[in-house]
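Enquirer: For reference, the structure I am asking about is given below.
What follows draws every value from the coordinates through simple rules; no lab data is involved. It should be emphasised that the depicted structure is a prediction, and the values quoted were computed from it without experimental measurement. Neighbour counts are summed over all protein chains in view; Cβ atoms, including those assigned to glycine, are modelled from backbone coordinates with ideal geometry.
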Amino acid sequence: MSNLIRSFILEEEGQSTVEYMLLISVIVISIVAAAHVFVPKFQEGAKELGKDVSDILGGGQIKGHGIGH
């Protein structure tokens, strides 16, 4: 009888492990999908910000104020 109880407990632990691994897999897939969607937009925004900063530093003005050339 004790062997039957032990095997039942071991089966439950194995099942829980599989459930956790499936949950982790879904989370990882969701993160990768979100990165696939948002990374290009983030890169575009970073490039625009870099261009704006470069223009500001090169011109010496922010919205028409500052030391202009």
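Enquirer: Give me the net charge of G58's neighbourhood, meaning all other residues with Cβ under 13 Å from the Cβ of G58; Lys, Arg count +1, Asp, Glu -1. Present the calculation step by step, with values, prior to reporting the outcome.
Expert: Details: positive: K51; negative: D52, D55.
Combined, the nearby Lys, Arg, Asp and Glu give -1.
Enquirer: Another question, if that's okay. In nm, to one decimal, how far is the modelled label at V28 from the one at Q15, with both set 7 Å along Cα→Cβ?
Expert: My value for the distance between the label points is 2.4 nm.
Enquirer: While we're looking at this one, here's another question. With each label point set 7 Å from Cα along the Cα-Cβ vector, what nm distance links K47 and A35?
Expert: The answer from the label model is 2.0 nm.
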